[in-house]
1. Quick one: is L173 at pLDDT 85 or above and either surrounded by 15 or more Cβ atoms within 10 Å (Cβ to Cβ) or closer than 29 Å to A35 by Cβ (or both)?
2. Does V178 qualify as being within 19 Å of D101 (Cα to Cα) and either assigned to a loop (DSSP other than H, G, I, E, B) or touching a His at 6+ places or on another chain (Cβ under 7 Å) (or both)?
3. How about segment 100-122: which of its residues are out of contact with any strand residue (DSSP E or B) (no Cβ under 8 Å at 6 or more places or on another chain) and among the β-branched types (V, I, T)?
4. Can you say whether A222 is small (G, A, S), at pLDDT 95 or above and surrounded by fewer than 22 Cβ atoms within 10 Å (Cβ to Cβ), as far as the supplied structure shows?
5. From the list G140, G127, which residue is small (G, A, S), in contact (Cβ under 8 Å) with a residue 40 or more places away in the chain and closer than 23 Å to N213 by Cα?
6. Counting residues that are farther than 21 Å from V219 by Cα and charged (D, E, K, R), which strands (runs of 3 or more DSSP E) fully inside segment 68-147 reach at least 1?
7. Name the residue, out of I88, I129, I28, that is surrounded by 14 or more Cβ atoms within 10 Å (Cβ to Cβ) and modelled with pLDDT of 95 or more.
8. Looking at segment 225-245, which of its residues are within 22 Å of G24 (Cβ to Cβ), of a type in the set (V, I, T) and surrounded by 22 or more Cβ atoms within 10 Å (Cβ to Cβ)?
Amino acid sequence: MAAALLPLPVSPVEAGALERAMLGKAAIVDLTQPAERGVKTPEQPRPETPGEGNRQGHTGRGPAERDFETRLHAPGAARQGTRTVAQIPFRELLVAAVVVDVTQQVLQVPEYQATAEDLRAWERKNGRIPKQSAVLLRTGWAQRWSDAVRYANHDPQGIPRVPGFSAAALVFLEERQVGGLGLDVYLPGGATPGDPGSLVVPSGAWRLENLANLDRLPVKGAKLIIAPLRLEAASAPVRVIALLP
């Protein structure tokens with residue numbers, strides 16, 4: 001009788017992030033906001049730009065109800081000729097993550113826009129931001145998730161006042177050739193951090209909005225599994241799992 005084949009033991013040192021998580025040797029963190037607790041709030045009317053609408057087809061002529069959920073936006077979703085979520089190779093959605101913490105700045109200025117100097121300061125402490133990594137901006141905004149009005153944070157003119165990346169920070173990340181951006185807050189207009197009319201995100205970079213539990217991630221070393229619905233659309237609901245080192 002042939003000898004039974006026994007599984008070889010896997011050393012935690014040799015195993016990859018997924019294998020270590022399966023063996024219970026590494027922590028797993030869900031970065032997805034629960035769907036049943038999704039925030040829904042009226043979106044204030046905005047001046048209409050001729051020939052332009054948002055991803056849901058609203059043109060700014062009247063209030064539009066918006067569902068906040070954890071979503072993935074395909075590269076260049078704010079521009080013409082973009083890829084859809086379904087067209088993003090899944091390999092590009094398995095990435096290393098770095099976390100930039102601006103919670104203290106946001107406590108002082110709720111609409112704080114992370115600067116290039118914030119990113120340089122991160123690099124002085126932690127090394128260069130890796131190419132094709134995901135840069136996650138931890139703002140602390142997720143603590144407002146259960147309060148629709150505070151989460152939306154519209155001013156009297158209906159303009160969202162939320163944190164994000166500054167134009168200079170996005171230029172810096174373009175130079176670093178990052179694979180994607182993520183925030184624990186929503187993206188005004190549904191696509192671009194900060195002012196959707198004036199900022200251009202790094203070429204080829206996807207964007208994640210409404211992330212949860214960024215406070216449970218290390219500043220570097222976590223690996224992300226990003227699993228969106230495979231939609232032929234500019235954005236889609238997504239489950240985001242972090243494997244800790």
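The values are calculated or read from the model by the stated rules, or taken from the named source; none is laboratory data. Model, not experiment: these values are computed from the prediction. Note that we place each Cβ from the backbone using ideal geometry, even for glycine, and neighbour counts take in every protein chain shown.
1. Numbers: at pLDDT 85 or above: yes; either surrounded by 15 or more Cβ atoms within 10 Å (Cβ to Cβ) or closer than 29 Å to A35 by Cβ (or both): yes.
Criteria met by L173.
2. Numbers: within 19 Å of D101 (Cα to Cα): yes; either assigned to a loop (DSSP other than H, G, I, E, B) or touching a His at 6+ places or on another chain (Cβ under 7 Å) (or both): yes.
Yes.
3. The answer is V106, V109, T115.
4. Values: small (G, A, S): yes; at pLDDT 95 or above: yes; surrounded by fewer than 22 Cβ atoms within 10 Å (Cβ to Cβ): no.
Judged against the criteria, A222 is not a match.
5. Working: G127 fails: closer than 23 Å to N213 by Cα.
On inspection, the qualifying residue turns out to be G140.
6. On the way: elements: 71-73, 94-101, 134-138.
Output list reads 71-73.
7. Working: I88 fails: modelled with pLDDT of 95 or more; I28 fails: modelled with pLDDT of 95 or more.
Selected residue: I129, the only one of I88, I129, I28 that is surrounded by 14 or more Cβ atoms within 10 Å (Cβ to Cβ) and modelled with pLDDT of 95 or more.
8. Within segment 225-245, the first condition is being within 22 Å of G24 (Cβ to Cβ), and the residues that meet it are 225, 227, 239-245.
Right, trim to of a type in the set (V, I, T) and you get 225, 240-241.
Across segment 225-245, the qualifying residue is only V240.
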